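Heads up, the thing below is written out as structure tokens.
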Amino acid sequence: MRTDRRQKGLTLLIEAFECSYSFYVLGAGASAGIVPMTAQLRKNIVNRFVSFGSFPAETFKQDEIFLRVIGDSNNFNNIYTSALLKHLYPSAVHAMVIKELTPPKSVKEAHSYEIFLLIKRPSTIFNMNVDGLAEIYCIGHYLLEPHGRVPTELVRSPFWDNYIDALLDFGFDIHEIPGLILPRPEPYHVTSQPAYFKATSLIKPARFVIFIGYSFGYFEQSESFDDFETFEFFRDLLRFYRNHKKDILVISPNPEMTGKGIEEAVCSLNVCTMPFYWNHLCKAIKETVFKYKLRQLDKLKPLIGKILYRHDQLKDKEP
């Protein structure tokens, strides 16, 4: 049953690739393997703080970004680390999060984004990530970035590391980057931005709407969506266009919760959940395209079994 469901989903995805105006919503899973996910993000930030070696005497209230990325300091198994984290300035966490969400200058493999060089143009890339990777690879497509983008050149410079050190020492208020939304509940007015207005018109001709590695910022501790405003936006939009018979695909390693939430919110049965790792799936598709010298992606359909096998092979090689 699992293989049959995956074959159906992959067939629909290939059709979406070959269809103009397909609408792709990218979440953190689209940047997996390039930009650290939450667990690695937490580890990198905590290690930098602990190894800094200088800690203020006072303790600080942990703000929303701190809780999303680091978590409650009381829940750390290491008592020493747990105690130290109470002395970590939230502003320093903000600056370190921005640093971690900035991709390296040279990316060895970016299959998750390179795939958009092969799909039908123009399509729409509604990119919830702030790492700026989509701009590099999504050439010829409509690119919308509702949560903004990190200033990569600034953050990669020695200035930003010195800035982080100063924040760890003195904890002054960080200058917010205009338009940049870090992990926390979305501001209620976020959907009034131009990206959402453009999405309203661009989704109309789309036969396919594909959610990739995106769970609307689900925060397990509160069992709620941080991106609730965006969830409501897509709920209303997809309900409005329900009679247009749009196919909705949800792609992630565990897509059931997001898929079920969308299905119930939109009142649509055209929601297909696809349990894939996006980076491995894209690599498997690219390898198949080049191996068989395919000029059209719809020629991939007879090769779906090979793509599934290669995806699982890549997934099993993960540490």
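Would you mind checking K291/K315; K120/K301; K105/K286; K204/K293; K43/K108 for any pair whose Cα atoms are more than 27 angstrom apart?
Table pairs above 27 Å Cα-Cα are K204/K293.
Report for the chain the percent antiparallel among DSSP-assigned beta bridges with both residues inside it, nearest 5.
The antiparallel fraction comes to roughly 10 percent.
Please report the net charge: other residues with Cβ closer than 12 Å to the Cβ of V35, K and R +1, D and E -1.
Residues near V35 contribute -1 overall.
Normalising by the residue count of the range 170-301, find the relative contact order in percent from Cα pairs under 8 Å and 6+ residues apart.
20
Compute the convex hull volume of the Cα atoms of the range 101-223, divide it by the residue count, and report the result per residue in Å³ as a whole number.
Taking the convex hull of the Cα positions in the range 101-223, it is 155 Å³ per residue.
With unit charges on the beta carbons (Lys and Arg positive, Asp and Glu negative) and the dipole taken about the Cα centre of the range 1-124, which residue among I45, A83, G9 sits farthest to the positive side?
Highest projection toward the positive end goes to G9.
Starting from the Kirkwood radius over alpha-carbon pairs of the range 171-318, derive D by Stokes-Einstein at 37 °C in a medium of 0.692 mPa s and give it in µm² s⁻¹.
The calculation lands on 185 µm²/s.
If you take every DSSP beta bridge fully contained in the range 204-290, what fraction is antiparallel? Give it as a percent rounded to 5.
Percentage antiparallel, nearest 5: 15.
In the range 253-319, what trypsin sites (Lys or Arg not before Pro) fall in a loop by DSSP, with at most 13 other Cβ atoms inside 10 Å?
K293, R295, K317
What distance in nm separates the two pseudo spin-label positions at Q7 and T200, each 7 Å out from Cα along the beta-carbon direction?
Distance between the two pseudo-spin positions: 4.3 nm.
P(r) tail for the chain, what percent of Cα pairs lie past 37 Å?
20
Per residue, how much accessible surface does the range 1-138 expose to a 1.4 Å probe? Answer in Å², no decimals.
Ligands and nucleic acids excluded, the result is 43 Å² per residue.
Over the range 90-159, what is the relative contact order in percent, taking alpha-carbon pairs closer than 8 angstrom and at least six residues apart?
Reported as a whole number, the value is 34 percent.
Order 264-271, 58-65 from most to least packed using the mean count of other Cβ atoms within 10 Å.
With the highest mean Cβ count within 10 Å placed first, the list reads 264-271, 58-65.
Sorted by average packing, counted as other Cβ atoms within 10 angstrom per residue and highest first, what order do 167-177, 90-100 take?
The most tightly packed comes first, giving 90-100, 167-177.
Go ahead and estimate [θ] at 222 nm for the chain from helices alone: -39,500 (n - 2.57) per DSSP H run with n ≥ 4, summed, over the residue count, rounded to 500.
Helix contribution divided over all residues of the chain: -13000 deg cm²/dmol.
Counting Lys and Arg as +1 and Asp and Glu as -1, what is the net charge of the other residues whose Cβ lies under 11 Å from the Cβ of P56?
Summing Lys/Arg as +1 and Asp/Glu as -1 gives -1.
Treating the beta-carbon of each Lys and Arg as +1 and of each Asp and Glu as -1, no other charges, what is the dipole magnitude of the chain about its Cα centre, to the nearest 20 debye?
Dipole of the chain, to the nearest 20 debye: 1740 debye.
The values are calculated or read from the model by the stated rules, or taken from the named source; none is laboratory data. All of these numbers come straight from a predicted model, not from anything done at the bench. Neighbour counts run over all protein chains shown; Cβ positions are idealised from the backbone, glycine included. Heads up: the accessible areas ignore ligands, DNA and RNA and are worked out on the full protein's heavy atoms, side chains in. Shrake-Rupley method; radii C 1.70, N 1.55, O 1.52, S 1.80 Å.
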